[in-house]
Every structure is written in structure tokens, then in C-alpha cells.
Amino acid sequence: MSAFKPITIFRPRQNLVAKFRSQDGSNLPSQTVLFANLSLFREYARRISATTAGKLDYDAAEFAVENEQPKVSYNSKQVRFHNALRSDLLRKRENFIVNKQATKEATSNLSASTLDEALETYFDYVSIELQNNYTLNSYRTCQVKALDLLITHDSGITKRLGDYRFDELEFKFDGTGFKIISALRALVKRGGTAESSLYLIQGQIKRYFKYLQLKGYTENIPLYPKVTQPKPESLPFTEEELETFENHARELYEGGGDKNFLRGFYLARFTGARKHEITHLQIKHWFKDSPVHSHFKLPKAKGYKLSEKGSVGTLFASNDTLIEFLDRDFEGRDPEEYVLANDSGGPWFENETCYTRAFGTKLNKLGIFGKQPWHSFRHTGAIELFEITGDIYIVKTFLRHELIETTKRYLNSNRVNHVVEKNQNFLGKKTVRTLRNQEPKNKLIEINPNQLKEVA
């Protein structure tokens, strides 16, 4: 049996976690994430090395995570770095334990008799682990949707799940858990939520019941039918749908209507930007490098981390159609204006949900259904870029994903198979190997669309 490691690197997910045992105290999970990825850990280790060893030895940093004592071969600077890094990590772990216990003590005197009444103390509990406001809000949305479900008790009374008293929960096989899943499936069938959301919602309500059991509100957890995680499917726009939306948005733009639909369309269509990135862009963030190259410097957005250093990130905007539009659209506008702006130059909407609602309503009025506003543009760009290049790592860079596994979710077999078939004919061709091994030239290569069609 291996020795217990209070802090360790979890290689499959490339993150750093703190682990806990029963003797560490009650109210603790089996583990918690200290650093979501190793890039963040590297930057953290670099800051410590600056005051101890002078420069970062990353191998020594990883060794300090899982080993109490430094190597005997270390010099004095390496020893100081090892001890300082490990002490600080253990301090982070201890602070987590203290905060968890404080949360338990603070909420132990609070009384709740229904699922609704215990919800806020639950979010006080989970907010210690969740540092991203977006994730926390996503959890809350799932819980609220679940607690709004109408559930019929065996007594014949039907009411909201949130109004259920703890003593009304039914823990048998066909009890409350079964009824929750049935109600969620009925909600999906009515179009009240997406199929993919069902899995997320049921996962969050299960987590909530585990919390209620931990706090002593319930002795058991309701039994649930198995809900399979849906296979990731890309839902890009068709060419016809893109043309329909673009034409309508251009009519609005040129006819004195709302210009933000065309602005948002071009940004989402050609950059793969996320919604919160687009909504925070100001004109001053755009830099035109050449007639065919430009980029945005992404500003920091509340609740979102745009780079491992917490500074701005770069959004490539090197598309001639987009550059031509931005040149024309930005002419005469105040650099402090938001790209998607209201009449006074401020953000189009104060709430990001309104951006989704505006685009979603517009899509539906145009007869375009089943597409996720904003994100489907991102899917479309990713798939189109893969079909052009056949290189998932180029797509990863375009989407600015940290992990290739995230990028894979954007591509299903229907979108990959024909790319494989199209390029198989190039296997073994000397021309391809020659081109591949050539040193890159500092010039643009224009691709004739007709040639691409011929190859395809």
C-alpha cells in the first residue's frame, strides 16, 4: 500500500489536487483541485522560485509536490525552493480544511424544512470549491430548473420539488429520484430544455441530495434511473442558415436597424470568440496589422480567466471579410465604444443572457431552430477550419483550448470521415512530403476555392 500523499499531480487531467482522509476532519471531500492545470501551477512555482532559487526548475517543482524531503543532491537554493513550495501547497490544503469546517459551523444552526430553504446554504458550501462565477451560476441554473419540476407524491399531492419537505422524500426504487428523471425527460420532450441539459441537471440535483445527507437533513439519497451522458455532437450552421442570417443582419445594418446583429455575426463567425469575450470587446482592443491580418487584445472579464497570468489574451481576426467590415464599421466611432454597443456607446446589454436571447429570438424568427446562439457559430468555425486543414491542433489553437480533449468534442465522426477520405489519396506522395518539409516563407499563400472543390 502506497503512502498517503496530501498533495499530488493527477496526470490524467493534468491538474494538481489536495487529498483528504477521515482524520483530517468532517465535511471534507475526498479531494479538491488546487490548480486546474499544470500551466497555472508552473506560473505559481515560478513566483516562488524568484524569491528562493532565482529561476524555476520545473522538475524540482513537481518533485516537491509529492515528496516531503528534497533530494540529497540538491544545493542550498534548490532545498530552499523545495521547502518553500511544499510548505505553501500544504498551507493551501490546510486553509481549505479550515474554511470547510468554518462553513459547517456557520450553517449548523440554520434550520430548513424544504429543499428550497436549504439551497442557499448549499451554495455557500460549494462556493468554497468553485472559484469561477460562471460555473457557480451554471450550477444554480441547473438546481433551480430541477426544483421547479412538478412531482407527484405517492399520497397523490402534486407540487414543486423545491416545496417538498425532507420527510416527504421517497427513497424507494420508484420514489422521488425516479420521478425527478421522469419529469426531466417529459420537460425535454416538451422542448423545455435540451437533451444535453438533462444529464447536467440530474447530476446537480444528485449532488444537492448528497449535501443534504451530509448535513443530516436526510438519512438517505433518492435512487435514480441511470442517465447516460450524451455523446458530444456538433451542431454547426448550414451554409443556407448562415446566408439567411447574414443577409437579414446586413439589411438591418444598412437600413437603419440594429447594427449589432451583423457585428456579432461577423465576430462570432470568423474568430470563434466566446460570447463573454465578444460582449466585453471595445473598439480600442482591435489592432490592424496588415490588410489581411488583425487581432483583438481580449480584456479581462469579471468571472472569467482569459490567460494563465490573469492578463489579456489574443483573439486572431485575420479574415479579409471581417477586416474590411471592421474598417468600415469602426470609422468615426469612439475607441472607447463597445463593439456591440447601445446608443450611448456602452454595452449592448447589461446582462449576458440578453445577448443569447436576442440572437436566439432572431434565429427562430428566421426559421433557424436547434442552434445554440453564439456557441454554434464557434462550432461552425471549428468544423470548417478542420475541413480546410484536417489538423485538429490548428482547430485547438483557433478555439484557444487548453486541452485537446476539449477540442475533440467539437468534431464528430460525420465531420471527420470525409476529411480522412479526401486526404488519403495524398499518402505516399513525394509532393506532399516536399511541401511539408519546406521552410515556411514569410508570405501569404492564396488558396483558390475552385481548386479546393476539385480536390474534394
* To do: Using a cut-off of 12 Å between beta-carbons, work out the net charge of the residues near GLY54 (Lys and Arg +1, Asp and Glu -1, GLY54 not included).
  => +3
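Could you compute the net charge surrounding GLY272? Neighbours are other residues with a C-beta less than 12 Å from the C-beta of GLY272; K and R count +1, D and E count -1.
Values: positive: ARG269, ARG274, LYS275, ARG378, LYS396, ARG400; negative: GLU277, GLU384.
So the environment of GLY272 carries a net charge of +4.
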* To do: Report Rg (one decimal) and Dmax (nearest whole number) for the stretch 119-215, counting Cα atoms only, units Å.
  => 13.6, 42
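How far, in nm, would the chain grow between GLU68 and PHE166 when pulled straight, counting 0.36 nm per residue and subtracting the alpha carbon separation?
Working: separation 98, 0.36 × 98 = 35.28 nm, distance 4.57 nm.
Computed gain between GLU68 and PHE166 is 30.7 nm.
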* Asked: Based on the alpha carbon coordinates of the stretch 239-424, what radius of gyration and maximum Cα-Cα distance (Dmax) apply, in Å?
  -> 16.7, 55
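Read the figures in this text as sums done on the coordinates, not as results from a lab. The structure displayed is predicted, hence computed values, not measured ones. We place every Cβ from the backbone using ideal geometry, glycine too, and count neighbours over all the protein chains shown.
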